[in-house]
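Values quoted throughout were computed directly from the atomic coordinates according to the rules given, and no laboratory measurement underlies them. Since this is a predicted model, take the numbers as computed values, not measurements. Cβ atoms come from the backbone with ideal geometry, glycine included; neighbour counts cover every protein chain shown.
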Amino acid sequence: MLIWWKDYFMRTKKIFVTGAMGFIGLHWCKKLLSEGHKVYGLDIKNHNTEIKKNKNFFFFRESVFNYDLVKRLVKKTDITCHFAGIASPKEYLINTTKVINLTVNPSLKIVDYCKKYKKKLFFTSTSEIYGKSKEVPFLEEGNRLLGSTSVKRWCYSTSKALVEHSIFANLKKKSSFVIFRLFNVYGPGLEGRVVDIFIKNAIKNKNLNIFGNGSQKRCFLYIDDCIEIFYEIFKKKSLPNEVINIGNNVSTSVQNLAKKIIKISNSNSKIVRQSKRKISQMKSKGYEDILLRVPSLQKLHKMVSYRPKYNLQNGLKKYLNSIK
Ligand SMILES: NC(=O)c1ccc[n+]([C@@H]2O[C@H](COP(=O)([O-])OP(=O)(O)OC[C@H]3O[C@@H](n4cnc5c(N)ncnc54)[C@H](O)[C@@H]3O)[C@@H](O)[C@H]2O)c1
């Protein structure tokens, strides 16, 4: 009897993953396949050939703007994991319109489809939601503090927040969901973000450029830990209908991160502060760095028993070994 119930709740599921070829999407698809589920992955990129050999993986090289296809896949599957998006801070300043369009429009459609077909939703939001709030550690229900809408930098935070609002407004009674606010997840496959840029430059003995004096602090979570947390929540009978911070609460300065990476990779790279001219150029374009970002993990720890296995040192070593 016990085994029957276990089979019932753990039965193979069909999962639709947008952004399936991205950093988090690909790790997530691999985990789901390794647990025996069927995965329907969608992405405009098509770089991983290995995963496509898996008979339970169905890949669509398509855009999330193909609403007919997205609608069909939401309907056909048990849960939609909407990860497609832009996560590189450089883009907020250069491609503001694209960031807003991609973050908001397909997401609102997906929320609609989940509501219509009563399907579950995983949505990846961001620590950027808290903006420059000084209320550290950031509680999920805490205040957000953002700059003016004339400053491009805030477009990503605002766009993700709009999607969060839509999820809360539409799904609570119709379907179950979870919104993850991710805090600097890193590991193999990451592109265009601080850990990835430092590691790749360190391997080539190139300079590691830091903004200002590098005292800005961040918390880093290794991808394997992030995926285990996702999976523990995924396995629950129903999703919590909540927003949850996903991260590590040990903060490290960017300067310290650079030093660690140089040491671990035995590199001759130098840490170089960006010139005052470059900094003022970036500021004039609307860039504003956040000095301290730490998640509160109270809510997460009440919800899941899994605790991260990697500290920054071990995580960086594993990441480095994977790309050497
Ligand atoms: N990695 C982090 O630490 C972090 C932090 C905060 C939020 N997030 C969020 O998590 C999600 C995944 O981030 P990631 O780090 O894997 O980024 P990523 O850039 O590696 O992956 C995003 C994927 O989305 C795909 N994509 C872009 N436009 C698309 C479109 N029109 N149609 C279909 N696919 C499209 C890209 O090709 C890419 O494969 C994003 O929504 C991001 O905002 C990530």
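Summing charges over all other residues whose Cβ lies under 10 Å from the Cβ of Ile79, with Lys and Arg as +1 and Asp and Glu as -1, gives +3. Length available on full extension from Ser280 to Lys318: 0.36 nm per residue minus the Cα-Cα distance, which gives 10.1 nm.
Note on the chain: with a GNM built from Cα contacts shorter than 10 Å, the maximum mean-square fluctuation among Asp289, Asp68, Asp78 falls on Asp68.
Report, in deg cm²/dmol and to the nearest 500, the calculated mean residue ellipticity at 222 nm for the chain, where each DSSP H run with n ≥ 4 adds -39500 (n - 2.57) and the sum is divided by the residue count. Numbers along the way, then the final one.
Values: 12 runs with 136 residues, N = 324.
Calculated from helices alone, the mean residue ellipticity at 222 nm is -13000 deg cm²/dmol.
Provide the net charge surrounding Tyr306, with neighbours chosen by a C-beta distance below 10 Å and charges set as Lys +1, Arg +1, Asp -1, Glu -1. Spell out each step's value before the answer.
Details: positive: Arg307, Lys309; negative: Asp225, Glu228, Glu232.
Within the 10 Å Cβ shell, the charges total -1.
Within the stretch 51-128, the proportion of Cα pairs with more than 20 Å between them is 39 percent. Counting only DSSP beta bridges whose two residues both lie in the stretch 85-323, roughly 15 percent are antiparallel.
How large is the translational diffusion coefficient of the stretch 92-231 in µm² per second when you combine the Kirkwood radius over alpha carbon pairs with Stokes-Einstein at 37 °C and 0.692 mPa s?
On the way: Rh = 17.1 Å.
The Stokes-Einstein estimate is 192 µm²/s.
Judged by the ratio a/c of the largest to the smallest principal axis of the C-alpha gyration tensor, the stretch 11-64 counts as prolate, that ratio being 1.5 or greater while a/b is larger than b/c. For the listed residue pairs Lys90/Lys260; Lys13/Lys98; Lys173/Lys237; Lys132/Lys263; Lys76/Lys309, the alpha carbons are over 26 angstrom apart in Lys13/Lys98; Lys132/Lys263; Lys76/Lys309. So for the pair Lys259, Ser63, with labels modelled 7 Å out along Cα→Cβ, what separation do we get in nm? Inter-label distance under the simple model: 4.6 nm. Classify the stretch 205-321 as rounded, prolate or oblate from the Cα gyration tensor: take a ≥ b ≥ c as the square roots of its eigenvalues, call it rounded if a/c is under 1.5, otherwise prolate when a/b beats b/c and oblate if not. Oblate shape, in that a/c is at least 1.5 and b/c is the bigger or equal ratio.
Viscosity 1.002 mPa s, temperature 20 °C: give me the Stokes-Einstein translational D for the chain in µm²/s, with Rh taken as the Kirkwood radius over C-alpha pairs. Here the translational diffusion coefficient equals 104 µm²/s.
Provide the net charge surrounding Val294, with neighbours chosen by a C-beta distance below 12 Å and charges set as Lys +1, Arg +1, Asp -1, Glu -1. Working shown, then result.
On the way: positive: Lys134, Lys217, Arg218, Arg293; negative: Glu135.
Charge balance near Val294 sits at +3.
Distance between the pseudo-spin-label points of Tyr231 and Ile44 (7 Å out from Cα toward the beta carbon): 3.1 nm.
With both labels modelled 7 Å from their Cα along Cα-to-Cβ, the Phe211 to Asn143 distance reads 2.3 nm.
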